[in-house]
Each structure stands twice: as structure tokens, then as C-alpha cells.
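The values are calculated or read from the model by the stated rules, or taken from the named source; none is laboratory data. Since the structure is predicted, the reported quantities are computational estimates derived from the model, not experimental observations. Cβ sites come from the backbone with ideal geometry, for glycine too, and all protein chains shown count toward neighbours. Heads up: the accessible areas ignore ligands, DNA and RNA and are worked out on the full protein's heavy atoms, side chains in. Shrake-Rupley method; radii C 1.70, N 1.55, O 1.52, S 1.80 Å.
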Amino acid sequence: LAATTPVAVAGRFFPGARADRLALRRQWLEHNRTYIANLLAGVREAVDGVNPDIKLGLMTGEISYSGYGFARWADSMAGARRVEVKWRPGGGFYTDDNPCGLLGKAHSIGRQTALLPGALTDIQSEHENFPYQALKKCNVMFQTEIAAYIGAGCTGTALNCMGISQDPIGEYRPYFDGVKKNRRFFDKAVATFGRSPCEGLWPAFALDHVAIHQADEGQWLTTGAWGGDMWMFNELSEIGMPMAYARAGAHVALLSGDMCLEFSEQDLLRLLSGGVLMDGGALKRLNEMGYSEFTGFTLRDRKDRDTTEVLTDDPINGGFAGWHRDCRPSFWPDPGYLLSPSAPNSRIVAETIDFTPTNYGPSSGVFENGLGGRVAVLGYYPWKSVHSLAKTSQMKALCRWLCHDRLPAYVASYAKAALWCRRDGEGNPAILLVNASLDAVDGMRLHVRDVAKPLTLTRMDATTERLPINRMDPPYAVFQLPRLAPWEAVMVGRDSRLKIVD
């Protein structure tokens, strides 16, 4: 395969049986990983001929077509003498026109850093302001961006905020003044988090993730080669649910469409023995592959137009029974799956109705299978338009149920907030939290698991505030946060002395 031209191989990527197509695509991705690893090994050898102590670094994006071979590439750059390697994960967030794009880039960076060896500790996030016009990104967003990338797994940031001209740098000075003011906060975050994994909801993907795109038809790689499909899960992080970027931090696995094709039978059984949140497309694939006894539902039909979701009186929905969510399929088309329970203990948590109103039956449900795993199937807009009060409450209750309350923390308030849940050096919860709203928020409720003592909130200017436990919601302690400004980032965890770096 390595001797075959890409053009010749591409013609064979999609004809034939699906298993054969996927096998060939995986071979090609392995070729891509190896090609880059060999190229970097050649660079290391050339540099060694000049000075073997020179450290090499690499900037990456979430270019999944190259095979996510970060660990192997780092090994190539370290060489036989194991010289320290530097990394610069990046992505696209150039202006604050769409503020939540910051979160999307942070999650993309998080997926990249999670693939790096634990011994690699010099990870500077790309912080890019192209086209370098200062009014396109406010200083608040600039500073929060650094914090979010550290929360997602970086240990520093590389500021790319000035163009190539010889103009004076005065217009960029507020950025640097802000970094200087907040330096102790950034240093504390890096020292506290180390390389501990982010814990929470994991979009379950493998190194060969892009191989499964358009698994049955169409031209391969017209979408997804830049990891953009993984952004579909971002709204879950905007409602206060923590995201994970690797299996090591996964408490709930997220599956959409053909993602289950990435995994072996052993891997799928392992996933299904835990907590899985999936959409109708994933349910269809899993059942086709012979896992229906573990999913609890079958697909009965589709209703793609003129539909709304209504929550049932299942305990998962709390006091929101009968509440509606209208995602306007006529404006933003998305498959609407209708389900049938396939086991006595399959429970319905939402139904589909139209505007007459006619009830078309179950669209979402939960099931506890014989492996001890818990499954939730969401057939109506599973990943989009989840920002209503009833839906955010349902999603948080679902995730708590799916993982048997093992989430390390989450925001219980009806608030637009993002958080990254990590561990400090002693294994205690350590949280980076962002008020992802243009409104200030008073009294945001934060649930933190396995905490019995007050915590400390650290603001960007390094001032600290004591957080007493407001009440208990076992196994969570509930903390009520002080006023958070729009897009303000804070840390929550055990108190520690701030490290000052000149």
C-alpha cells in the first residue's frame, strides 16, 4: 500500500463490501501516520548532525486524515537520545464574533493533547488572532481563551496576536498587560492540573476515526477530515457538562451515527457495560451489528418534519413532564427517529408530537442492560438546541443516571457555563470554569463529587474566595458561586499557594 499512489488507492476506498472498504481506509491512515513519523525521524537525524541537544517542536491541528499519530510523532522527534519535545496544538478561533467558538477550539485542543505521551509537558496552545486587528477580539476573551486551553490540557500558550508589519505594537499592549496581570492564575492552573486527564463526557473516537465517514456510500473524506464532526457535541459543554477527551477520563461515552464502526467487538462491549448516550443513527448501527440486546430499543420509523419533543413523566424528567422542545425541523433539518422498546425495563423519556397535535410515540428512552451498563437513546435533536430549561435539566439527570453519579462535577444551574474537571497532584477535584454568557451570573450552583470540606475559588487576578458547602446532594457537595462576569474564567479546588514566575 505504501508504494501505491494516493490517486490509485482513492478509487478503491468506497467500492465493495463495507468491511473491506474500512480495512483499506485504516491501512491508508496507518500509512499516513507512518509517513509523517518517518519524515520527523529524518528531521531529527538531520538536526542531530548539527547539534543533538536541539529540541524539536510540532504544531498540529485536528487533521484526522493524518491519523492522529501524535504519540508516534513525538517519539520520532525525541530520537534515540530522548530529547525533550515541544507541542503546539491549534485550531480556528480568530475573532470573538462567535464567542462559543472558543469552546470548540478548546475541545479540539483537548482531543489533541490527550493523545500526547504523559511525559510531554511543554504543550503551548496556539493562540491566534489572525488577521491581527485588535478590535476583533476583546481582552476579556483573549485572557479567557488562555485559561480554557490550559483547562483542556495545555501547559502554556504561544501568543500569535501581531501581524508581520513593522507598525508599533501599542494597539496590542492591552493583551500583554492582561497576561502579566493574570500570570499567577495561569501558573497556578498549570501547576495544579499537570497532565491529569479531563473527566466527563467522552465523544468516543479512535485513531482511525475518519475511516468511518460515509461508510456505505458517497465519496470518502468530503467531510470530517479536520475533526469538524466532533464539534457536534459542543452544546453539551455549553450547558455545564464536563467534557473528556480520552477513555481514561470517560464517565459517559457519546456515540453518533457510524462512530460504533470504529471499535472492535471487545471495545463495544466495554462501552455498553458503562454509560452510553447515543443518537438514533448509532442505535441503528449497533442493532445491525448484533448488539440489540444491550440497547433496549429498535427504530420503528422516522418523522423528520413538523415535529416537537414532549417529555414524559419518567423520573429522569423530574418536574418537567409535559414540557415541549420545538427544534423547527423545517428550518434546520435533522433525522427524527421513532423508537420501540425492546425489553420490559426500557423506559420512555420523550415522545414526538406534531402541531395538530398527533402523538407519534417514543423518540427517546433509557435502558439498563445485562452487562450492567446504562444506555440513553435520543432520537430527536440529540446534540443541538439543548439550551432550554427542561432539556438542560433532563440532560444533566440523564448523564448522572448513566454513570451512576460518577461525574466529578457539573453546573446544576440553568446557566450557560463550561467547565473542565481535572485532578491536582493529590487526586483532588480541580476545576476550570467559564461563565460562557454575555450576562453576569450570581449564585451559579456547582456540584462537586466526593468533597466534604469548603473549596477555594481563584479569580483571574489571583484573588481567592472561600466556598462553603451550601448543601449536600449525595454524592455531590453543592457550592453556590459568587458573581461571575461575562466570560470570566475561575478555578475551583483545594487552596494552594500561588507560584509567581518572573
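For the range 314-410, the solvent-accessible area works out to 39 Å² per residue, with a probe of 1.4 Å and every protein chain left in place. For Ala417, the residues whose modelled amide H falls within less than 5 Å of its own, excluding neighbours fewer than 5 places apart on the same chain, are Ile239, Gly240, Ala436.
For Lys181, the lysines whose Cα comes closer than 17 Å to its Cα, not counting residues fewer than 8 places off in the same chain, are Lys499. Counting only Cα atoms, the range 155-212 measures 49, 32, 15 Å along its principal axes, largest extent leading. Here the Karplus curve 6.51 cos²θ - 1.76 cosθ + 1.60, taken at θ = phi - 60°, turns the phi angles of the range 240-254 into couplings of x, 9, x, 9, 10, 10, 8, 4, 4, x, 7, 10, 9, 9, 9 Hz, with x standing for Gly and Pro. Separation of the range 323-398 and the range 148-188, taken as the distance between their Cα centroids, equals 43 angstrom. Legend: residue pairs Lys105/Lys384; Lys105/Lys137; Lys55/Lys180; Lys105/Lys416; Lys303/Lys384; Lys55/Lys105, Cα-Cα distance threshold 20 Å; pairs beyond threshold, Lys55/Lys180; Lys55/Lys105. Solvent-accessible surface of protein heavy atoms, probed at 1.4 angstrom with all chains present, puts Arg422, Arg195 in the order Arg195, Arg422, largest first. Eigenvalues of the alpha-carbon gyration tensor of the range 283-377, scaled by 5 and square-rooted, set the equivalent ellipsoid semi-axes at 24, 17, 10 angstrom, largest first.
Computed from phi, the 3J(HN,Hα) profile of the range 165-173 under the Karplus parametrisation 6.51, -1.76, 1.60 (θ = phi - 60°) reads 6, 9, 5, x, 8, x, 5, 9, 4 Hz, with x in place of Gly and Pro. Computed about its Cα centre, the charge dipole of the chain is approximately 980 debye, with only Lys, Arg, Asp and Glu carrying charge at their Cβ. Derived scalar couplings between HN and Hα for the range 88-104 equal 9, x, x, x, x, 8, 9, 9, 9, 4, 10, x, 5, x, 4, 5, x Hz in order, rounded to whole Hz, by the Karplus curve 6.51 cos²θ - 1.76 cosθ + 1.60 (θ = phi - 60°), x for Gly and Pro. Only helices enter the 222 nm calculation for the chain: every DSSP H run of n ≥ 4 contributes -39,500 (n - 2.57), and dividing by all residues gives -8000 deg cm²/dmol, rounded to 500. Here is the size of the range 334-442 from its Cα atoms: Rg then Dmax, 17.2, 58 Å.
Using a 1.4 Å probe over the heavy atoms of the protein chains, calculate the carbon and sulfur portion of the accessible area of the chain as a whole percent. With neighbouring chains kept in place, the figure for the chain is 54 percent. Normalising by residue count, the chain has a Cα convex hull of 173 Å³ per residue. Under a 5 Å amide H cut-off, with hydrogens placed 1.01 Å from N, Tyr245 pairs with Cys198 among residues at least 5 apart or on other chains. Across all Cα atoms of the range 239-330, the radius of gyration (one decimal) and Dmax (whole number) stand at 15.5, 41 Å.
Evaluating kT/(6 pi eta Rh) at 20 °C and 1.002 mPa s, with the Kirkwood radius of the range 93-237 over Cα pairs in the Stokes-Einstein relation, gives 127 µm² s⁻¹.
Applying the Kirkwood pairwise sum to the alpha-carbon positions of the range 393-502 produces a hydrodynamic radius of 14.4 angstrom. Close amide H contacts of Gly361 (hydrogens built in the peptide plane, cut-off under 5 Å, sequence separation of 5 or more or a different chain): Thr352. For the range 20-145, the solvent-accessible area of protein heavy atoms averages 41 Å² per residue (probe radius 1.4 Å; ligands and nucleic acids excluded). Of all aspartates and glutamates in the structure, those lying under 12 Å Cα to Cα from Lys188, and not within fewer than 8 positions of it along the same chain, are Asp424, Asp461, Asp495.
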